[in-house]
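The block underneath contains the structure these notes are about, expressed in structure tokens.
The values are calculated or read from the model by the stated rules, or taken from the named source; none is laboratory data. All of these numbers come straight from a predicted model, not from anything done at the bench. Cβ sites come from the backbone with ideal geometry, for glycine too, and all protein chains shown count toward neighbours. Areas reflect the complete protein model, heavy atoms only, side chains present, ligands, DNA and RNA absent. Shrake-Rupley method; radii C 1.70, N 1.55, O 1.52, S 1.80 Å.
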Amino acid sequence: MYLNFQNRKYMFDKIEHIGIAVKDLEAANELYAKLLGAPHYKIEVVESESVRTSFFQVGPNKIELLESTNPDSAIGKFVARKGEGMHHIAYAVEDIEAAMEQLKADGFRLLNEKPKRGADNKLVCFVHPKDCSGVLVELCQEICDS
Ligand code: CO
């Protein structure tokens, strides 16, 4: 099936980051600093998602490590079920609302109806992994503080 991209209102700009679920953020920070050759540049708690995250810059992309602060959180359940591992791929979009509208029209199930505030100064929305070949997809738009 060929899609008509002529009327596309959005494009994904780039892979913004890859999210990796970990059990112990401090241990994983050390491991990833060794792997990537540079330490994380920030740690951020996202209360609404019950996660502590850290970020590593890798050229133009980022790696986000996520540790749950509550076993009932999405990351807590993920780690309990599957252990540590790749959790999501995040794509940068310029207009998250337009991207969400388009994806919904194309039959993708969104896990949140409205963009929500994520880590690293972003508006985010998640797309159901079952609709993306088993991979949880995050859309993120930079929040411009003006
Ligand atoms: Co993310």
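Just to check your reading of the model, which residue among I75, I96 is farther than 23 Å from F12 by Cβ, within 14 Å of the ligand (Cβ to nearest atom) and among the hydrophobic types (A, V, I, L, M, F, W, C)?
I75
Do we have E26 as surrounded by fewer than 13 Cβ atoms within 10 Å (Cβ to Cβ), outside any strand (DSSP E or B) and more than 13 Å from the chain's Cα centre (by Cα) here?
So E26 fits the description; yes.
Any residue at all in the stretch 49-61 that is under 23 Å from G134 (Cβ atoms), touching a Leu at 6+ places or on another chain (Cβ under 8 Å), within 15 Å of the ligand (Cβ to nearest atom) and touching a residue at least 24 places away in the same chain (Cβ under 8 Å)?
Yes, the stretch 49-61 contains at least one residue that is under 23 Å from G134 (Cβ atoms), touching a Leu at 6+ places or on another chain (Cβ under 8 Å), within 15 Å of the ligand (Cβ to nearest atom) and touching a residue at least 24 places away in the same chain (Cβ under 8 Å).
On the given criteria, is G85 closer than 15 Å to I18 by Cα, away from the ligand (no atom under 13 Å from the Cβ) and open to solvent by less than 70 Å² (accessible area, probe 1.4 Å)?
yes
Quick grid of which residues meet (1) touching a Leu at 6+ places or on another chain (Cβ under 8 Å); (2) of a type in the set (A, V, I, L, M, F, W, C); (3) assigned to a strand (DSSP E or B):
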site	(1), (2), (3)
Y32	yes, no, no
P39	no, no, no
V45	no, yes, yes
K77	no, no, no
A80	no, yes, no
H88	yes, no, yes
K104	yes, no, no
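Let's see how each residue does on (1) at pLDDT 95 or above; (2) under 13 Å from the mean Cα position of the chain (by Cα); (3) not aromatic (F, W, Y):
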site: T69; (1), (2), (3): yes, no, yes
site: G76; (1), (2), (3): yes, no, yes
site: I89; (1), (2), (3): yes, yes, yes
site: D95; (1), (2), (3): no, no, yes
site: A98; (1), (2), (3): no, no, yes
site: A119; (1), (2), (3): no, yes, yes
site: C125; (1), (2), (3): yes, yes, yes
site: P129; (1), (2), (3): yes, yes, yes
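For the stretch 111-128, what are the residues that are within 15 Å of the ligand (Cβ to nearest atom) and more than 25 Å from Q57 (Cα to Cα)?
L111, N112
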